[in-house]
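Notes to accompany the following structure.
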Amino acid sequence: MRAVMTAEDVSRVLRRIAHEIAERNHGVDNLVVIGIRTRGGPLAIRLSELLAEIEEATVAVGILDIGMYRDDIDRRPKIQLGPTEVPVGIDGKTVVLVDDVLYTGRTIRAALDALADLGRAEVVQLAVIVDRGHREIPVRADFVGKNLPTARSEHVMVRVAEIDGADGVWIEDSAEVEGRTA
Amino acid sequence: MKHLLTMEGVTKEALVGLLDDADEFREVIERPIPKVPALRGRTVATLFFEPSTRTKLSFERAAKALSADTLSFSPGTSSLKKGESLKDTVLTVKAMGADLMVVRHKSTGAAWRVAEWAEVPVVNGGDGAHQHPTQALLDSLPLRQHFGDLEGLRIAIVGDIRHSRVARSNVFAFTTLGAAVTLIAPPTLLPPDLAGWPVKTNSNLDDVLTEFDAVYLLRVQAERGGASVFPSVAEYRQRFGMTGARFRRLKPDTIVLHPGPMIRGIEIDSSVADDPRCKVLDQVTNGVAVRMAVLFQLLGGSLDV
């Protein structure tokens, strides 16, 4: 297992992304930050706090569960459903979706479907900590913490303090992944 | 192939997993557009060889809220009339492309037979007086919503236990979730053999009325001979009915449940049926949500029962 981002790196990246979000949207009026469960949730909360600090305003934040929107429920182990908690209407809002890793794009596709059932956002943007490539559908991120070239056989792990105890990003190579699943 | 045929032996973990998912699906059915794409392209067949309003409707509602298609079958207008066997009916529905079958049949064990033939997941929607597992799930949900947890609750199941698949399912679900269950009925309406049932019994409702956190009333099942074992409807009401007077004696936060259809004036007085502490309509709403959870987990391959 190889560390590619330390806790400090993650923290810097989040701060930069917060500034980019504020810059792109000319402030935070009309903004809702929505994390994709599970690790997108705490990341969205941190981004909203950073945005509030930078812009001296309150920023709405929510969590989206996409278990019911996946297109592969019979190809995965148990999908654990969790609550979707988006406290404000998203009609006409600028929604920033937040996730830890952008990979095939299928999670984002499911999240866009889930979001559409909550209302009609004016604009949807995507922020991720790591973009590891290998897209299977035409999805891209608006805000990327780090572009990380990987092989498909590798496994990228983003850990966040709220869930895993500490922040950081690691890559496991194929031998380690196999060793773990064997 | 996983099926949901009985509540007997289902683990607490599996029950809690289904109830947790049902809580999420409740949120879906309360949306302006109550539909998610989870089972898009799947087909759920409802094979009801016995009459049903709420179970059949709520399975179909659940399937549609998950974007599945439904195939339904009613015995009165089908080739059963021409003498087609249960097996051939099941194989025909399978050949039509059903991905899951919900079966209700008057014969005990029918759903197990269907599960042998179907090659797809099967849900028992009620087999005779034997089992009705999704009813037990939807009855557990209002208890969990009202009390937070079933652990340590004292629940009375009152009435025609002998002919009740609801009682047989609920006893196992409630006790697995940690509640203590007392069956209250005249001896003639108790099953002949209660060996292996984790319950107490009592034949005098008034003696123990104030002990319970929830009172679950069963319908007197005339179609299964339930009306012939006590002298009169008036006597049944007088001894086992939830009359207004009994309702007032219950502990202040005790809730009343009933699987429906309710026969007002026999097992439950009209004033009780309309009281907010009677959770019958919650049970119906929950019925759709728990059936969504069952379909989602069975077709997703994640239900471990």
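The values are calculated or read from the model by the stated rules, or taken from the named source; none is laboratory data. This is a predicted model, so every value here is computed, not measured. Ideal geometry is used to build each Cβ from the backbone, glycine not excepted, and the neighbour counts take in all protein chains shown.
Checked against the criterion of being small (Gly, Ala, Ser), within 28 Å of B:ASP23 (Cα to Cα) and in contact with a strand residue (DSSP E or B) (Cβ under 7 Å, 6 or more places away or on another chain), the candidates B:GLY126, B:GLY152 yield just one match: B:GLY126.
Scan region B:24-34 for residues that are surrounded by fewer than 20 Cβ atoms within 10 Å (Cβ to Cβ) and facing chain A (nearest Cβ under 8 Å) and the total you get is 3. Out of B:ARG113, B:ARG104, one residue alone is basic (Lys, Arg) and crowded, with 20+ Cβ neighbours inside 10 Å. It is B:ARG104. Per the conditions (1) at pLDDT 90 or above; (2) assigned by TED's automatic domain parsing to the domain that holds B:VAL158, the sole criterion not satisfied by B:GLU235 is (1).
Among the candidates B:THR254, B:THR243, B:THR201, the residue that is touching a Lys or Arg at 6+ places or on another chain (Cβ under 8 Å), surrounded by fewer than 19 Cβ atoms within 10 Å (Cβ to Cβ) and either away from chain A (no Cβ under 14 Å) or farther than 30 Å from B:GLY17 by Cα (or both) is uniquely B:THR243. Checking each residue in region A:135-161 for being free of Cβ contacts under 8 Å to residues at least 24 places away in the same chain and among the β-branched types (Val, Ile, Thr) picks out only A:THR150.
Of the helices (runs of 4 or more DSSP H) lying entirely inside region B:198-305, those carrying at least 2 residues that are among the β-branched types (Val, Ile, Thr) are B:280-299. Does B:VAL103 fit the bill of being assigned by TED's automatic domain parsing to the domain that holds B:LYS64, modelled with pLDDT of 95 or more and part of a loop (DSSP other than H, G, I, E, B)? Spelling it out, it is not the case that B:VAL103 is assigned by TED's automatic domain parsing to the domain that holds B:LYS64, modelled with pLDDT of 95 or more and part of a loop (DSSP other than H, G, I, E, B). Comparison of B:PHE230, B:PHE212 shows that the only residue that is in contact with a helix residue (DSSP H, G or I) (Cβ under 7 Å, 6 or more places away or on another chain) and assigned by TED's automatic domain parsing to the domain that holds B:HIS146 is B:PHE230. Considering every residue within region A:135-150, establish whether at least one is among the small types (Gly, Ala, Ser), part of a loop (DSSP other than H, G, I, E, B) and out of contact with any strand residue (DSSP E or B) (no Cβ under 7 Å at 6 or more places or on another chain). Within region A:135-150, not a single residue is among the small types (Gly, Ala, Ser), part of a loop (DSSP other than H, G, I, E, B) and out of contact with any strand residue (DSSP E or B) (no Cβ under 7 Å at 6 or more places or on another chain).
Of all residues being under 15 Å from the mean Cα position of the chain (by Cα) and over 24 Å from A:GLY67 (Cα atoms) in region B:271-300, which is nearest to the other protein chains (Cβ to nearest Cβ)? Just the residue, please. Filtering region B:271-300 for residues that are under 15 Å from the mean Cα position of the chain (by Cα) and over 24 Å from A:GLY67 (Cα atoms), the one nearest to the other protein chains (Cβ to nearest Cβ) comes out as B:ASP282.
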